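Colleague: Below: one structure in structure tokens.
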Amino acid sequence: MSRVLLLASEKPVPLMAPRGTRTWSGGGVTVTAPGFSVSEHTYYQGAVEVLGFAMMPFRAQLDLAPCEDDMRLLKAYIRENFSSGEALELWSLWVGGGGGKRPRVRHCALRELELERLRLLCEPSYEPDYTGDFPKGLISQIYLTVTV
């Protein structure tokens with residue numbers, strides 16, 4: 001099972017190379033990795049399509065971590081590439097089995113997009129698996145609609 005983060009919109013969006021590096025801690029591990037980026041959605045593209053979720057047609061892959069630097073860069077990217085009144089979707093999808101069957105939907109205005117909402121996308125949450133195949137539960141599929 002793997003996770004992919006996507007930005008979906010009604011129009012193509014420009015790609016953005018990684019911005020610096022970032023360091024964050026979670027679960028007793030500290031990670032240093034390339035910073036926030038927007039790239040072509042090729043990784044797990046077929047697996048995302050198999051999920052069958054209704055998504056906006058233009059999709060780009062995000063490299064995003066739940067940290068202040070990435071939050072600042074994401075908001076700046078959205079401000080630069082979307083106009084007032086436009087909406088976009090931020091998706092956190094688990095592919096390859098163990099992901100929920102229906103996405104959990106959240107909505108917010110860009111001004112309300114804060115670190116807690118970013119954590120919602122980046123940190124797994126679980127829902128019951130009534131088949132018993134996944135004892136911890138299914139990892140929630142989540143998307144957040146952001147209105148500029």
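The values are calculated or read from the model by the stated rules, or taken from the named source; none is laboratory data. Model, not experiment: these values are computed from the prediction. Neighbour counts run over all protein chains shown; Cβ positions are idealised from the backbone, glycine included. Side chains are part of the model used for accessible areas, which takes the heavy atoms of the whole protein and leaves out ligands, DNA and RNA. Shrake-Rupley method; radii C 1.70, N 1.55, O 1.52, S 1.80 Å.
Colleague: Being among the hydroxyl-bearing types (Ser, Thr, Tyr) and free of Cβ contacts under 8 Å to residues at least 12 places away in the same chain is the filter here, so list the residues in the range 24-38 that pass it.
Modeller: Ser25, Thr30, Thr32
Colleague: Restricting to the range 117-132, give me the number of residues that are of a type in the set (Asp, Glu) and either open to solvent by less than 80 Å² (accessible area, probe 1.4 Å) or modelled with pLDDT of 90 or more (or both). Even if it seems obvious, please write down each step before you answer.
Modeller: The initial filter retains those residues of the range 117-132 that are of a type in the set (Asp, Glu), namely 123, 127, 129.
This time we only want the ones that are either open to solvent by less than 80 Å² (accessible area, probe 1.4 Å) or modelled with pLDDT of 90 or more (or both), so: 127, 129.
The number of residues fulfilling the criteria is 2.
Colleague: For the range 82-95, check the following and say yes or no: at least one residue is surrounded by 14 or more Cβ atoms within 10 Å (Cβ to Cβ), of a type in the set (S, T, N, Q) and closer than 23 Å to Ala33 by Cβ. Let's see the steps before the verdict.
Modeller: Filtering the range 82-95 down to residues surrounded by 14 or more Cβ atoms within 10 Å (Cβ to Cβ) leaves 82, 86-95.
After this cut, where a residue has to be of a type in the set (S, T, N, Q) as well, the list is 92.
Applying the additional criterion that residues be closer than 23 Å to Ala33 by Cβ yields 92.
Scanning the range 82-95 turns up at least one residue that is surrounded by 14 or more Cβ atoms within 10 Å (Cβ to Cβ), of a type in the set (S, T, N, Q) and closer than 23 Å to Ala33 by Cβ.
Colleague: Does the range 3-18 include one or more residues that are within 21 Å of Arg104 (Cβ to Cβ) and either in a loop (DSSP other than H, G, I, E, B) or open to solvent by 70 Å² or more (accessible area, probe 1.4 Å) (or both)?
Modeller: Within the range 3-18, the subset within 21 Å of Arg104 (Cβ to Cβ) is 3-9.
Checking the rest, the ones that are also either in a loop (DSSP other than H, G, I, E, B) or open to solvent by 70 Å² or more (accessible area, probe 1.4 Å) (or both) come to 3.
Yes, that holds for at least one residue.
Colleague: Among the candidates Arg111, Arg79, which residue alone is of a type in the set (Lys, Arg), exposed (fewer than 13 other Cβ atoms within 10 Å of the Cβ) and touching a residue at least 60 places away in the same chain (Cβ under 8 Å)?
Modeller: Numbers: Arg111 fails: touching a residue at least 60 places away in the same chain (Cβ under 8 Å).
From the options Arg111, Arg79, the qualifying one is Arg79.
Colleague: A further question follows. Residue check: is Ser84 modelled with pLDDT under 90, of a type in the set (Ser, Thr, Tyr) and farther than 22 Å from Thr42 by Cα? Talk me through it step by step, then tell me what you get.
Modeller: Details: modelled with pLDDT under 90: no; of a type in the set (Ser, Thr, Tyr): yes; farther than 22 Å from Thr42 by Cα: yes.
Criteria not met by Ser84.
Colleague: Can you confirm whether Arg72 is farther than 26 Å from Arg102 by Cβ, surrounded by 17 or more Cβ atoms within 10 Å (Cβ to Cβ) and of a type in the set (D, E, K, R)? Don't jump to the end; show me each part of the working.
Modeller: On the way: farther than 26 Å from Arg102 by Cβ: yes; surrounded by 17 or more Cβ atoms within 10 Å (Cβ to Cβ): no; of a type in the set (D, E, K, R): yes.
Answer is no for this residue.
Colleague: Which of the residues spanning the range 112-132 are farther than 12 Å from Gly100 by Cβ and among the small types (Gly, Ala, Ser)? Show your work before the answer.
Modeller: From the range 112-132, those farther than 12 Å from Gly100 by Cβ are 112-123, 131-132; that's our starting set.
Scanning the range 112-132 gives a single hit, Gly132.
Colleague: Would you confirm whether or not the range 46-54 contains a residue that is open to solvent by less than 60 Å² (accessible area, probe 1.4 Å) and within 14 Å of Leu74 (Cβ to Cβ)?
Modeller: No; the residues of the range 46-54 include none that is open to solvent by less than 60 Å² (accessible area, probe 1.4 Å) and within 14 Å of Leu74 (Cβ to Cβ).
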